[in-house]
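The values are calculated or read from the model by the stated rules, or taken from the named source; none is laboratory data. Owing to the predicted nature of the structure, the values given are computational and were not obtained by experimental measurement. Neighbour counts run over all protein chains shown; Cβ positions are idealised from the backbone, glycine included. Heads up: the accessible areas ignore ligands, DNA and RNA and are worked out on the full protein's heavy atoms, side chains in. Shrake-Rupley method; radii C 1.70, N 1.55, O 1.52, S 1.80 Å.
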2 protein chains.
Amino acid sequence: MPDTRAARTNTKDDLRSHARQLFARHGYEGVSMRDIAGAVGIRQSAIYNHFPSKQHLLADLMVRHMDRLLDAMRGAITPHQTPADALEAFARFHVTYHIDQPEDVFLAYMELRSLDDAGRKTILALRDAYEHSLRDILKTGLATGAFAIGDPAVTARALLAMMTGVTVWFKDGGALDRQAVADIYVRTTMQAVGYKP
Amino acid sequence: MPDTRAARTNTKDDLRSHARQLFARHGYEGVSMRDIAGAVGIRQSAIYNHFPSKQHLLADLMVRHMDRLLDAMRGAITPHQTPADALEAFARFHVTYHIDQPEDVFLAYMELRSLDDAGRKTILALRDAYEHSLRDILKTGLATGAFAIGDPAVTARALLAMMTGVTVWFKDGGALDRQAVADIYVRTTMQAVGYKP
DNA sequence: GTCTATAAAGGGATAGAC
DNA sequence: GTCTATCCCTTTATAGAC
């Protein structure tokens, strides 16, 4: 029989999830260590048993998010696909992942400015790797004639911004479910690159 | 002969422009009244001769931005255009305006959460009016068969996010100028709605 | 309209008991 | 690993002189 008491068995993970939620909602600068501790149910000073500073806590959240995102993306698109299949897989993955992890995603995209130089450099490299995967798909499709697009780097950024924006408005229980929303974004993406099925 | 001394002739506008720049760069919570005053060259307490609070200063910036944006957009798209012409005009306007006013735009999109309830309601209404203009173009194009899209509301949000994202990366003096970048976004937009010229 | 001075509150981080 | 207590600094906003 499981222990159902709210015992402090994993304070570090609790801190991560509440900090993520609060940072996403109010911004890094808008959240105090007391706010985070209060959400978890401990005192502010106890946070320092798990993270050496507020800045380290933010960096931890962002790096872990980017690592997970990259791993998941690499699992979603397989080598040797046609550019069209790869783009469709990428788009569906990106939109559904962002629908399911809106806080992580929002944080990573918005709070880059709150990160110190070292952390910012790390995150930018990871973000760049992610963006590059999409850019490579577009470049291949352009070379094979499957896609009709302008500059692949600009188009990649445009498509990423489009798909990432789903986090701003999507709410569970709305008129359209995840699947229906993902379908629309995938369709819009494929049309945007001029793909003719 | 004009007076070239850095006299304090328009502190209020100086406060607006420096606050806009600082808020856009570091976020509302990340900027203090001392920071703003320092940028303008006055003491922090003197701000209160022009704005009753930091919150009022933010609301002033956001409302003025949305008013200007709506006016400019309404001037850019004319009635009785075909849906395709209207969409092209809207896209070109949106991208170039956002390239030219990145700080205003970034602020209005990001700092909604820092606004109090009254201000947030005002801004959301203005934003809604703007989004509705694009949605109406898409609806008309869908009805006339000019566009091949899924839900117009979702597509409108997707396209707006795509185009607004240009503020994140565009820098003057890069490989592509405003015009070239706008061309790519306009093309991607027209293709995204399945328009066949 | 700007200044100096200050009030009142809240911020991140540390010390040391348990 | 969490607690209480505290340090030291910054924050928004106000008071009153000039």
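Averaged across the residues of B:187-197, what count of C-beta atoms belonging to other chains lies within 10 Å of each residue's C-beta? Before the final figure, lay out the partial values.
On the way: counts 6, 12, 4, 3, 10, 11, 3, 5, 1, 0, 0.
Rounded to a whole number, the mean comes out at 5.
Can you list the lysines whose alpha carbon is less than 22 Å from that of B:K196, not counting same-chain residues fewer than 8 positions off?
The reachable lysines, counting only those whose Cα sits under 22 Å from B:K196, are A:K196, B:K139.
Would you work out the charge dipole size for the protein assembly as shown about its Cα centre, treating the Cβ of every Lys and Arg as +1 and the Cβ of every Asp and Glu as -1, and quote it to the nearest 20 debye? Numbers along the way, then the final one.
Details: 48 positive and 46 negative charges, 102 e Å.
The calculated dipole for the protein assembly as shown is roughly 500 debye.
Once fully extended, how much extra length lies between A:Q21 and A:T82, figured as 0.36 nm per residue of separation less the alpha-carbon to alpha-carbon distance? Don't jump to the answer; show the numbers that get you there.
Numbers: separation 61, 0.36 × 61 = 21.96 nm, distance 3.81 nm.
Full-extension gain reported as 18.2 nm.
Along the charge dipole of the range A:54-192, which of A:G145, A:V105, A:F93 sits closest to the positive end, that is, farthest toward it, with unit charges on the beta carbon of Lys, Arg, Asp and Glu (+1, +1, -1, -1)?
Farthest towards the positive pole: A:G145.
Check every DSSP H run in chain A and write down those whose alpha carbon atoms cover 24 angstrom or more along the long axis and whose mean Kyte-Doolittle hydropathy is -1.0 or greater.
Details: long enough: A:54-76 (33 Å, -0.17); A:83-100 (25 Å, 0.02); A:117-144 (40 Å, -0.30).
Answer set is A:54-76, A:83-100, A:117-144.
With solvent modelled as a 1.4 Å probe, how much accessible area in total do chains A and B shield from it at their shared surface, in Å² to the nearest 100?
On the way: alone 10830 and 10840 Å², together 19110 Å².
The contact between B and A buries close to 2600 Å².
Within 10 Å, count the other beta carbons around each residue, average over each peptide in B:75-85, A:157-167, and list them highest first. List each step's numbers first, then the result.
Values: B:75-85: 13.2, A:157-167: 23.8.
Peptide ranking by packing, descending: A:157-167, B:75-85.
Output, in nm with one decimal and in ascending order, the distances from the A:N10 label point to the matching label points of the other copies (7 Å from Cα along Cα-to-Cβ).
Nearest first, the other copies' label points are 5.7 nm away.
Hey, can you list the residues from the range A:21-45 whose accessible area shrinks by 30 Å² or more with all protein chains present, relative to the chain by itself (probe 1.4 Å, no ligands or nucleic acids)?
With the partner chains in place, the range A:21-45 has these residues losing at least 30 Å²: A:E29.
For label points placed 7 Å from Cα toward Cβ, what is the shortest-first list of nm distances from B:D85 to its copies?
Output for B:D85: 4.4 nm, nearest copy listed first.
Could you size up the charge dipole of chain B around its Cα centre, putting +1 on the beta carbon of Lys and Arg and -1 on that of Asp and Glu, and report it in debye to the nearest 20?
Computed about the Cα centre, the dipole is about 260 debye.
If r is the Cβ-Cβ distance from B:H132 to B:N10 and R0 is 35 Å, what FRET efficiency results, to the nearest 0.05? Before the final figure, lay out each step's value.
Details: r = 35 Å, r/R0 = 1.00.
Efficiency, from the Cβ-Cβ distance: 0.50.
List the relative contact order of chain A as a percent without decimals, with contacts defined as Cα pairs under 8 Å and 6+ residues apart. Present the calculation step by step, with values, prior to reporting the outcome.
Details: 157 pairs, mean separation 46.9, N = 197.
With pairs under 8 Å counted, the relative contact order is 24 percent.
Any idea which of A:V166, A:T78, A:L115 is furthest toward the positive side of the dipole for chain A, if Lys and Arg beta-carbons carry +1 and Asp and Glu beta-carbons -1?
A:L115
Lysines within cross-link reach of A:K54: Cα-Cα under 28 Å, excluding same-chain residues under 8 positions apart?
Within reach: A:K12, A:K121, B:K54.
Once every DSSP H run of n ≥ 4 in chain A is given -39500 (n - 2.57) and the sum is divided by its residues, what mean residue ellipticity at 222 nm do you get, rounded to the nearest 500 deg cm²/dmol?
Working: 9 runs with 134 residues, N = 197.
It lands at -22000 deg cm²/dmol.
If we hang a label 7 Å off Cα along the beta carbon direction at A:A125, how far is it from the matching labels on the other copies, in nm, shortest first?
So the distances to the same position in the other copies read 5.0 nm.
Quick one: accessible area per residue over chain A, 1.4 Å probe, rounded to a whole number of Å²? Mind showing how you got there, number by number?
Details: 9550 Å² over 197 residues.
That works out to 48 Å² for each residue.
Leaving out ligands, DNA and RNA, what percent of the accessible area of the protein assembly as shown is carbon and sulfur, probe 1.4 Å?
On the way: 9810 of 19110 Å².
That fraction is 51 percent.
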